[in-house]
Amino acid sequence: MGEQPTDPELLRQLDDARASGGTVEAVLRLECPPGERPVPDTVRDQADRAIRRATEASGETPVDVHVMANMSTAYVAGTERFLRELMAQPEVASAVANEGRADL
């Protein structure tokens, strides 16, 4: 993942999912050159490559994926192991939890 720090709430949810075996929903911003508009086909290819490598490395597949190519963003739901592998891919610039804490 790029130089941007990962959302602490996402990290908390991943830790909880490791213990419970549940899934986590994350929103990933994919790499895009500064000042350039996302190219939808390129964004979809980036997401596909990153997901394929994360699947191979973790042995798991995502539960749900939606690529918002015009925004260089992807929504991905999956296990803790899969998402940590996905977040480590070079195409992923940053990641945040899709949902905040319910008790806030």
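Computed from the coordinates by the stated procedures, all read-outs in this text should not be read as laboratory data. Predicted model only: the values in this text are computed from it and were never measured. Backbone-built Cβ (ideal geometry, glycine too); neighbour counts: all protein chains shown.
In plain terms, the chain from Glu36 to Thr23 could stretch by 1.3 nm, reckoned as 0.36 nm per residue minus the Cα-Cα distance.
Give the distance, in whole Å, between the Cα centre of region 7-36 and the Cα centre of region 51-87. So the two Cα centres are separated by 9 Å.
In units of the rule-of-thumb radius 2.2 N^0.38 Å, the chain shows an alpha carbon radius of gyration of 1.02.
One equal scatterer on each Cα of region 21-71, no solvent, Debye formula: the resulting log10 I(q)/I(0) at q = 0.14, 0.32 Å⁻¹ is -0.41, -1.35. Near Ala50: Cβ cut-off under 13 Å, other residues only, Lys/Arg at +1 and Asp/Glu at -1. The net charge is 0.
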